[in-house]
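Worksheet: one structure, shown below.
The values are calculated or read from the model by the stated rules, or taken from the named source; none is laboratory data. These numbers come from a predicted model, not from an experiment. Note that each Cβ is placed from the backbone with ideal geometry, even for glycine, and that neighbours are counted across all protein chains shown. Ligands, DNA and RNA are excluded from the accessible area calculation, which covers all protein heavy atoms including side chains. Shrake-Rupley method; radii C 1.70, N 1.55, O 1.52, S 1.80 Å.
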Amino acid sequence: METKNILLVGVGGQGTITAAKLLTTGLMASGYDVKMSEIHGMSQRGGSVSSQVRYGSEVQSPVIEAGTADIIVAFEKMEAMRYINYLKPNGKVIVNDKEIWPMPVIIGKAKYHSDIIGELKKLADVTVINASQLAEELGNEKVTNVILLGAIVKAMGLDHIDWDQIIADNVKKKFVELNQIAIKKGMDLV
């Protein structure tokens with residue numbers, strides 16, 4: 001199987017890395033060779049965070065090069081735009097319809113682009129989901145990342161993996177059921 005490239009991007013505190021680790025665990029449990037790398041850009045202070053997951057029969061490097069990502073999953077809208085150059089020509093973007101203003105915008109030194117989704121749609125095949133709102137409806141905004149993981153699973157055709165078991169084995173016991181519901185909700189959105 002040829003190597004597939006998944007780029008998860010967001011802002012510190014959104015659970016981007018946790019989602020990537022769950023994805024990696026599920027892929028490895030299914031026999032794929034998997035490499036993962038993560039970049040924390042002031043992640044504790046709301047800075048940009050990215051996780052790169054590559055899987056296939058044999059993966060040589062954990063690094064996704066510009067123009068080679070099969071899918072970009074953005075936990076925040078501006079992060080999708082920041083990483084769009086990583087998408088391959090026929091790739092797909094899944095965007096959580098969420099704005100988290102970076103510090104320059106908060107202090108008035110920059111403006112948050114008013115039509116990021118429109119700009120993204122000019123550049124790529126984009127699916128917009130409101131994972132944050134759905135997580136709130138489920139009772140815990142922290143499962144936004146698992147909803148987005150479900151979207152990745154469906155978009156990449158990985159729904160044959162036993163995600164209920166992966167979650168049961170890797171999430172605190174009191175949150176297992178909620179996360180199992182959240183991943184299914186994410187799969188239904190794509």
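Kindly report the accessible area of region 38-190 per residue (heavy atoms of protein chains, probe 1.4 Å, no ligands, DNA or RNA), in Å². Display every interim value, and only then the final one.
Working: 8090 Å² over 153 residues.
In whole numbers, region 38-190 has 53 Å² accessible per residue.
Given 5 Å bins starting at zero, what is the percent of C-alpha pairs of the chain in each, up to the one with the largest pair distance?
The calculated distribution, bin by bin, is 1, 8, 17, 21, 22, 16, 9, 4, 1, 0.
How far apart, in nm, are the 7 Å Cα→Cβ label points at ASP115 and ASP162?
So the two model labels end up 4.9 nm from each other.
Determine ³J(HN,Hα), in whole Hz, for all residues of region 71-87 in sequence, where each value follows from phi through the Karplus function 6.51 cos²θ - 1.76 cosθ + 1.60 and θ = phi - 60°; x replaces Gly and Pro.
8, 10, 10, 9, 7, 9, 4, 5, 5, 4, 5, 4, 10, 4, 5, 7, 6
Looking only at region 18-39, which residues have a backbone nitrogen under 14 Å from a spot 7 Å from the Cα of SER57 in the C-beta direction?
32-33
If R₀ is 30 angstrom, what is the calculated FRET efficiency for the pair ASP188 and ASN140, using the beta carbon separation as r and rounding to 0.05? Write out the running numbers ahead of the final one.
Numbers: r = 18 Å, r/R0 = 0.60.
Calculated value: 0.95.
Of the chain, which part is the longest with no trypsin sites (Lys or Arg not before Pro) in a loop (DSSP not H, G, I, E, B) and with at most 10 other C-beta atoms within 10 angstrom?
Working: sites that count: LYS109, LYS111, LYS172.
Between exposed loop sites, the widest span is 1-108.
Express in nm, to one decimal, how much length is gained between LYS174 and MET28 on full extension, taking 0.36 nm for each residue of separation and deducting their alpha carbon distance. Don't skip to the answer; put the middle values down first.
Details: separation 146, 0.36 × 146 = 52.56 nm, distance 2.46 nm.
Extra length available between LYS174 and MET28 comes to 50.1 nm.
Under a 5 Å amide H to amide H cut-off, with H placed in plane at 1.01 Å, what residues pair with ILE94 once short-range neighbours are removed?
Long-range HN contacts for ILE94: ILE72, VAL73, ALA74, THR127.
Rounded to the nearest 20 debye, what is the charge dipole size of the chain about its Cα centre when +1 sits on each Lys and Arg Cβ and -1 on each Asp and Glu Cβ? All intermediate terms of the calculation are to be shown ahead of the outcome.
Values: 21 positive and 22 negative charges, 93 e Å.
Computed charge dipole of the chain: roughly 440 debye.
Of all accessible surface on the chain at a 1.4 Å probe, what whole percent is carbon and sulfur? All intermediate terms of the calculation are to be shown ahead of the outcome.
Working: 4690 of 9440 Å².
Taking all protein chains in place, the chain shows 50 percent carbon and sulfur surface.
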